[in-house]
Amino acid sequence: MISLNIEKTLGFISKENVFAYEAQVKAAQEALENGTGKGNDFLGWLHLPSSITKEHLADLKATAQTLRDNCEVVVVAGIGGSYLGARAVIEALSNSFTWLQDKKTAPVILYAGHNIGEDYLYELTEYLKDKKFGVINISKSGTTTETALAFRLLKKQCEDQRGKDMAKKVIVAITDAKKGAARVTADNEGYKSFIIPDNVGGRFSVLTPVGLLPIAIAGFDIEKLVAGAVAMEKACGKDVPFAENPAAIYAATRNELYKNGKKIEILVNYNPKLHYVSEWWKQLYGESEGKENKGIFPAAVDFSTDLHSMGQWIQEGERTIYETVISVEKTQHSLQVPSDEANLDGLNFLAGKHVDEVNKMAELGTQLAHVDGGVPNMRIVIPALNEESIGGLLYFFEIACGISGYILGVNPFNQPGVEAYKKNMFALLNKPGYEEESKAIQARL
């Protein structure tokens, strides 16, 4: 399903040094399998694809159908891993312009709770005023500021517009099994709810109801998505030989590049539908590896668009970077360049060619230029933008992240640094229980 090519890194690092990581990779895989490594209480994602039952998928699909039948718009309220995975898949598989069309086959999926923008939330609530809308509230605790604030607004608006009975039908909670504000609210209001497993962190949660329910509501086949992930789970298993395991090779190569001064990984795509896959990937690797003053900095660009903005820096800037390119082998549609008699734009040399052929030559030409300019390149090829390929790609990145984090020597499954800003924000807002912190911060201002 996925092929990985590291040949364009080998002028900068050696294949022998990459393959010298085999023992470290094997140790990392065994630590993951046996639960003996750091963060071993958050390994529920490891065999999640193959453990998903038909009954669970049927329940998700039935709930999705209820919202599809009763909503023009569904707002996904969540932040970080609570929305990025779903958005990555939905954006990758959707028609780019369906939301502009009058006749829609699925509800419009919108997002809230991922920022604290007053203008954004005002404009969202204004847009929803004449819409039959529902809400998916995704929060393990129910007290994450961004999401809780958005859900408070949306819950009231949904009840005011649609009545308590209909609101109960079109608001779904995805939260902790037993505890937390979101669980209490769901139980008190009688919302349909799904569980975020305790042993799955947010950035690894796309194949839980966190991702699967919004994806199903958007009209995509979650059974095929899971099947793609299951296939990749097998392809990247601990018993697969190192040389045949793309996740193992990817983890080893990026660590060898890091050891040789390549501190920044730029994820590159040549298909605009993959923009949010890059956003999801940035969180996955940034939050997993950025610890103890270590970690590759994850960045992303959309080519060829960003070649006209970031291209100069990538070509001739500081040589602390490498690129990982996601290439889509086959497009969903066919479009050829027409001939033009006047040929004022000089493009008749492209007449009759498919647009994707032009795009692929831009990809190849850019890779050659960047390698010549001192930027190592890896290339990940997926067959097409469909559920199976995307499911496989997501799991590939997840398992490679776990392996890579253990090679780096950090806990890939916690995020202690995320709490620092929250403490300061709560103190500045005079949240009860933060009185001492508030005094300390006021003294610094």
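The values are calculated or read from the model by the stated rules, or taken from the named source; none is laboratory data. Predicted model only: the values in this text are computed from it and were never measured. In this analysis, Cβ positions are derived from the backbone assuming ideal geometry, glycine residues included, and neighbour counts consider all displayed protein chains. Accessible surface areas use protein heavy atoms only, side chains included; no ligands, DNA or RNA. Shrake-Rupley method; radii C 1.70, N 1.55, O 1.52, S 1.80 Å.
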**Prompt:** How large is the accessible surface per residue of the chain, computed with a 1.4 Å probe and reported in Å² as a whole number?
**Reply:** 47
**Asked** Taking Lys238 as the anchor, which lysines have their alpha carbon closer than 17 Å to its alpha carbon, excluding any fewer than eight residues away along the same chain?
**Response** Lys26
**Prompt:** What is the calculated FRET efficiency for Thr331 to Leu428, with r their C-beta to C-beta distance and R₀ = 51 Å, to the nearest 0.05?
**Reply:** 0.55
**Request:** Would you mind telling me the share, in percent, of accessible area of the chain contributed by carbon and sulfur at probe 1.4 angstrom?
**Result:** 53
**Prompt:** So between Thr53 and Glu72, what do we pick up on full extension, going 0.36 nm a residue minus the alpha carbon distance?
**Reply:** 3.9 nm
**Message:** If you average the alpha carbon positions of the range 201-218 and of the range 244-295, how far apart do those two centres end up, in angstrom?
**Reply:** 21
**Message:** Please give me the summed charge of the neighbours of Gln442: other residues whose Cβ is under 12 Å from its Cβ, Lys and Arg +1, Asp and Glu -1.
**Reply:** -1
**Item:** Overall form of the range 47-220 per C-alpha gyration tensor (a/c, 1.5; a/b vs b/c)
**Value:** rounded
**Message:** Going Cα to Cα from Lys8, which aspartates and glutamates come in below 17 Å? Please leave out same-chain ones fewer than 8 positions away.
**Reply:** Glu16, Glu256, Glu265, Glu323, Glu363, Asp372
**Prompt:** So what does Tyr406 come to for accessible area, using a 1.4 Å probe and Å² rounded to 10?
**Reply:** 40
**Request:** Using Cα pairs closer than 8 Å and at least 6 residues apart in sequence, work out the relative contact order for the chain, in percent.
**Result:** 23
**Asked** Label point 7 Å out from Glu126 along Cα-to-Cβ: which residues of the range 157-182 have amide N under 17 Å?
**Response** none
**Prompt:** Asp160: net charge of surrounding residues, Cβ under 15 Å, Lys/Arg +1, Asp/Glu -1, itself excluded?
**Reply:** +4
**Prompt:** Based on the mean of other beta carbon atoms within 10 Å per residue, what is the order of 165-176, 360-371, 38-49, 336-347, most packed first?
**Reply:** 165-176, 38-49, 360-371, 336-347
**Item:** Euclidean distance between Cα centres, the range 89-159 to the range 14-47, Å
**Value:** 38
**Complete:** Which of (1) 23.5; (2) 26.3; (3) 22.7 is the computed Kirkwood radius over Cα pairs in Å? It is (1)
**Cβ-defined net charge surrounding Cys71, 9 Å radius [Lys, Arg +1; Asp, Glu -1]** = +1
